[in-house]
Every structure is written in structure tokens, then in C-alpha cells.
Amino acid sequence: MDKIKSLTSIFEGGIAPENYDGKAVKKLVKIWNKLENPRVVKLYPIRRVAHEGWCYCVYACPFKGTEIDEQTLQSITSLVNEVEVGHIRYDSAMATWDYFKFTNNGTHVLDRDRNAITDISDHFDNIILYSNAATSSKKVAQLDCHYAIIGLEEQPDLYHVRAIPNSTIGEVTKDYVFLSDDEPTKDQMYSDEDDEPASPAEEKVRSAFMVLSAIITIGALIWYFILPLLNKTM
């Protein structure tokens, strides 16, 4: 709770400690200032998994309040651990831009494109689940997060959920362990020192997937937000 109060104070105009990433904090402050009723909440990494060189993490955070009780976390973890990796990969692609539409109790506003992660999320009132991905060991530190900013981006129901990397706030975790989906009995451990460059072929595949993820996200945004506006004007 002290950390939440400290981060809130910084985003509201306070001075960040010297061990914080000043440039990254300034970007978060800009996001904070654009949101309606922004809050810092605890972000819980529920499941980490590696698949074909990519790393994925499923997070949970409160839609109301700042923390999730331990019993609820255990129930969420039990359900998420049963989800096929394909659902997590798809969910991470849909969450590329960190924007979500929610009802007043944190239920997704989706007419289509549901997956197991959104279904589990909507099973719990006032709790949000979403996934994120890292394309290489160089970027896996971005998934090491224990706090997030959440606030209303646009009326009536478009919310922005932005994870705060621990590296930004001086709480770096040296090693990152992800359960390998390719070899279920073996874990993959990444660290800040794992900086081997990917091969040209791997980079092409990753770039293609990133482009595909962006196209899916843009299409979803057009479908959800722009088409309804056009229908209203016709």
C-alpha cells in the first residue's frame, strides 16, 4: 500500500527517486494526466509461459480498489493454469494497446472475439485479467510488473490499463522464469544478461506476427468504435 501511495504521489506531481527511470516516469505521468479518475493498483502476474521463443504473462488487477484478496487470487490462478496457450497468445494480441471497454463492474464489453482469458476475467466482479507478450529475452523485462495505472480514457466505457515495469521504479528482478509450452517439463529462465541476437529468420517471423497483431487490433478498434459511430450518422 505504501508503494501505491508513493507512485500516486509521483504521478500527481511529486519527485521520483533517483533510482527510477525518469524518462519512463514522464511518459507514465502523461498517461496519468489524460485519464479520468486514474489510480495505481496492484498488478498480479498469474501465469508465465514461453512458446516458440516468445514469452507471455497473464495478469490480474482490481477494477475497483487497489488489491485482490489471496483467496480470489488462488481461484483465478487455478482457472488460468488450465487455459491453453493459444488463448493467452490471442489475448495478448488483442491487448496490444492496453485499451479495454468495461461495464461498471469490470466486465468486458465484447460482442465477439472472446477467449478463455476474457471469460475468466468476467467470471469475477471488479477484477480484470489480460495478457501481454515479449518477443525476445531483451524485452522480457517489460513483463516484470507488479503495479499498473488504470483510468477512464474516454466516456462511457473505454479504459486504459498500463502496466508499470519494475525496472521503471527501481525494483528490477534479475531472472524471469516462464513455463515452456514446447517442453512442458522444462522451465525457461531469462535474465537481463540474455542478450543473444535473434537470427534474421526469427526476426522476420516476429516482425510478421507484430504486424498481424497490429492489424487485428486496428480492425477490432474500427469494428468496436468507428463503425457504431458511422451507423449512428447514417
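The values are calculated or read from the model by the stated rules, or taken from the named source; none is laboratory data. If you're wondering where the values come from, they're calculated on a predicted model, not measured in any experiment. Please note: Cβ atoms are built from the backbone with ideal geometry, for glycine as well, and neighbour counts cover all protein chains shown. Heavy atoms of the whole protein, side chains included, go into the accessibility calculation; ligands, DNA and RNA do not. Shrake-Rupley method; radii C 1.70, N 1.55, O 1.52, S 1.80 Å.
Screening the range 69-103 for residues that are among the charged types (D, E, K, R), part of a helix (DSSP H, G or I) and out of contact with any Ser or Thr (no Cβ under 6 Å at 6 or more places or on another chain) and picking the one that is surrounded by the most Cβ atoms within 10 Å (Cβ to Cβ) gives R89.
When the residues of the range 20-52 are filtered to those that are assigned to a loop (DSSP other than H, G, I, E, B) and open to solvent by less than 30 Å² (accessible area, probe 1.4 Å), the one that is farthest from V172 (Cα to Cα) is L35. Residues in the range 120-176 that are acidic (D, E), open to solvent by 20 Å² or more (accessible area, probe 1.4 Å) and in a loop (DSSP other than H, G, I, E, B): D125, D157, E171.
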